[in-house]
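Asks: This is the structure I want to talk about, given as structure tokens.
The values are calculated or read from the model by the stated rules, or taken from the named source; none is laboratory data. Predicted model only: the values in this text are computed from it and were never measured. Backbone-built Cβ (ideal geometry, glycine too); neighbour counts: all protein chains shown. SASA here: full protein model, heavy atoms, side chains in, ligands and nucleic acids out. Shrake-Rupley method; radii C 1.70, N 1.55, O 1.52, S 1.80 Å.
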Amino acid sequence: ERGINVSGINNSPIKAVNPKYPWLKSNKHTKQLEVSDWLTMEIKDFVKYISPSEKEIEARNSVVRRLNDAIMSLWPDAELHCFGSYSTDLYLPGSDIDTVVISKGHKYDNRASLYKLSTYLRVHKLGKRIETIAKAKVPIIKFVDPETGYHIDISFERDNGLTAAQIIISWIKSTPGLRELVMIVKQFLSVRRLNEVHTGGLGGFSIICLVYSFLRLHPRIVTGSIDPMDNLGVLLIEFFELYGFNFGYDNVAIAFKNKTQPIYIPKTSNQNLLNRNPFFLAIQDPQDPTNNISRGTFNLRDIKRSFGGAYEMLVNKCYEMNNATYKQRLGESILGDVIKFKGKARDFVDA
Amino acid sequence: NNCPDKRHYNYCTYCNSRTHSTDRCPNIWRSYIVKKISHDSSVRRDMYPSGLIFCYNCGHEGHFGDNCPFPRVSRTPNINGSAFTGENLPREFRNLYRVRLSEVKRR
Ligand SMILES: [Zn+2]
Ligand SMILES: [Zn+2]
């Protein structure tokens, strides 16, 4: 109902208006009448900015191809598959490539195979800094690709990551705004090192479930009254509002009807989702109701606190900018404090 | 109370609220760009999101977290209200939502 033009993103390679916020190409945001529209534009620009370029996509694909060839020459009946953020197009620059070796008879699900492949990679110089982690719940080989520097994980004979990737891809296709908000929340958590499951952080699939259920249960979205892509700014703040202040982590679990429609259920209705600690995030695995996707997230307290902090930062900046003059707005960013991107400068044109 | 500005500080002339000042009104950022839709109310009534209204506080179906009849679980207060309230439904659904809420309470 408000006649504000949120499209028309300018692709010309202008120098960033403020080196602190390299995703801002111009001051066009600051002309927005409403601060939430300004934030929406910044989110779109930032997502464009951190999305991989053609070159990066090609480099990653060739790493995977090279590895797949190597594995097939070692084990002709096996194949290397990608899962995780790499296969769902939700990866941040420099994130790991998650792969899994799969064969028909699940022949390579053993320690001998783990060490055999790790030796093979070393001998053929396919990886440096190779670590073989045999004692973990999911044994893996971790290494760095010598040509590109990408970090690669190889696990064995587990296809649940592949099915999860299929589910995520279908959610993204059917849910405008999901990809954008997930990228922002991922970046937010990764800057604060709260996105690694082995240190109690929030894993990629859990982040997706939080954003997806938030969008799919939002009163304005379930009634079709807003287009999420036009309202990313408000929605991002409301995401942090929900999980930073309001969500009843002690009582509520996120679950999925028919693997697609998110719902809330009381934790007590599924014993598998209860934990000794009541303040614990519970997300019922859409593929397996006995599994809590976020069972490794034992640092919920810091995650909740950081979400609350993000809410405060965003709304305070909104109030400040709402009162500011045009001159005071120049070079400013609403999103900046939340995502604090410290990567090398990227080229907008091929992003 | 020796702060002369306190009363002024906690009053919003925009929404007549005493929980915040005008320059910190949530409406400054919670302003949606709403889709243009048909005003045929009979069509819209069928779109009432039955089965899609869940409570972030207790996990039950039928009401939003801000309207939960059970004690609040989160230790952080919810002073100004959130996105998950019947008030955030489009106007034509708010009455039906209120009616259904009171029906549940009576049962
Ligand atoms: Zn107000
Ligand atoms: Zn409730």
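Asks: Could you please find all residues in the range A:68-82 being under 20 Å from A:V144 (Cα atoms), open to solvent by less than 50 Å² (accessible area, probe 1.4 Å) and of a type outside the set (A, V, I, L, M)?
Replies: A:N68, A:C82
Asks: Continuing with the same structure: Failed condition for A:L202, given (1) buried (at least 23 other Cβ atoms within 10 Å of the Cβ); (2) outside any helix (DSSP H, G or I); (3) in contact with a strand residue (DSSP E or B) (Cβ under 6 Å, 6 or more places away or on another chain), with all others met?
Replies: Among (1) buried (at least 23 other Cβ atoms within 10 Å of the Cβ); (2) outside any helix (DSSP H, G or I); (3) in contact with a strand residue (DSSP E or B) (Cβ under 6 Å, 6 or more places away or on another chain), A:L202 violates only (3).
Asks: Sticking with this one: Would you check if A:I172 is surrounded by 15 or more Cβ atoms within 10 Å (Cβ to Cβ), modelled with pLDDT of 95 or more and under 30 Å from A:D230 (Cβ atoms)? If you could, list the steps in order and put the result at the bottom.
Replies: Details: surrounded by 15 or more Cβ atoms within 10 Å (Cβ to Cβ): yes; modelled with pLDDT of 95 or more: yes; under 30 Å from A:D230 (Cβ atoms): yes.
When the stated conditions are applied, A:I172 passes them.
Asks: Could you please give the count of residues in the range B:73-92 that are open to solvent by 20 Å² or more (accessible area, probe 1.4 Å), away from ligand 1 (no atom under 16 Å from the Cβ) and either assigned to a loop (DSSP other than H, G, I, E, B) or touching a strand residue (DSSP E or B) at 6+ places or on another chain (Cβ under 8 Å) (or both)?
Replies: 4
Asks: Evaluate the following for A:I283: is it surrounded by 14 or more Cβ atoms within 10 Å (Cβ to Cβ), in contact with a Pro (Cβ under 7 Å, 6 or more places away or on another chain) and touching a residue at least 12 places away in the same chain (Cβ under 8 Å)?
Replies: On the way: surrounded by 14 or more Cβ atoms within 10 Å (Cβ to Cβ): yes; in contact with a Pro (Cβ under 7 Å, 6 or more places away or on another chain): no; touching a residue at least 12 places away in the same chain (Cβ under 8 Å): yes.
No; evaluated as a whole, the condition is false for this residue.
Asks: Check every one of the helices (runs of 4 or more DSSP H) wholly within the range A:34-115 and list those with 1 or more residues that are within 14 Å of chain B (Cβ to nearest Cβ). Step through it out loud before you land on a result.
Replies: On the way: elements: A:35-50, A:54-74, A:85-88.
Correct list: A:35-50.
Asks: Quick check on this structure: which one of B:S38, B:S42 is modelled with pLDDT under 95, among the polar types (S, T, N, Q) and part of a loop (DSSP other than H, G, I, E, B)? Full working, then the answer.
Replies: On the way: B:S42 fails: part of a loop (DSSP other than H, G, I, E, B).
From the options B:S38, B:S42, the qualifying one is B:S38.
Asks: Confirm whether B:F70 is open to solvent by 70 Å² or more (accessible area, probe 1.4 Å) and either more than 16 Å from ligand 1 (Cβ to nearest atom) or modelled with pLDDT of 90 or more (or both). Even if it seems obvious, please write down each step before you answer.
Replies: Working: open to solvent by 70 Å² or more (accessible area, probe 1.4 Å): yes; either more than 16 Å from ligand 1 (Cβ to nearest atom) or modelled with pLDDT of 90 or more (or both): yes.
Yes, satisfied.
Asks: Please name all residue pairs, on different chains or six or more residues apart, with Cβ atoms under 7 Å, provided the first residue is in the range A:57-74 and is closer than 15 Å to A:V100 by Cα and the second residue is of a type in the set (G, A, S).
Replies: Every condition considered, the pairs that remain are A:I71/A:A78; A:M72/A:A78.
Asks: Here's another thing I want to ask about it. In the range B:8-27, which residues are more than 15 Å from A:Y319 (Cα to Cα) and either in contact with a Phe, Trp or Tyr (Cβ under 6 Å, 6 or more places away or on another chain) or within 16 Å of ligand 2 (Cβ to nearest atom) (or both)?
Replies: B:R18, the sole residue that qualifies.
Asks: Of all residues in the range A:227-280, which are modelled with pLDDT under 95 and either outside the structural domain of A:G296 (by TED's automatic domain parsing) or among the aliphatic types (A, V, I, L, M) (or both)?
Replies: Within the range A:227-280, A:L273, A:L274 meet the criteria.
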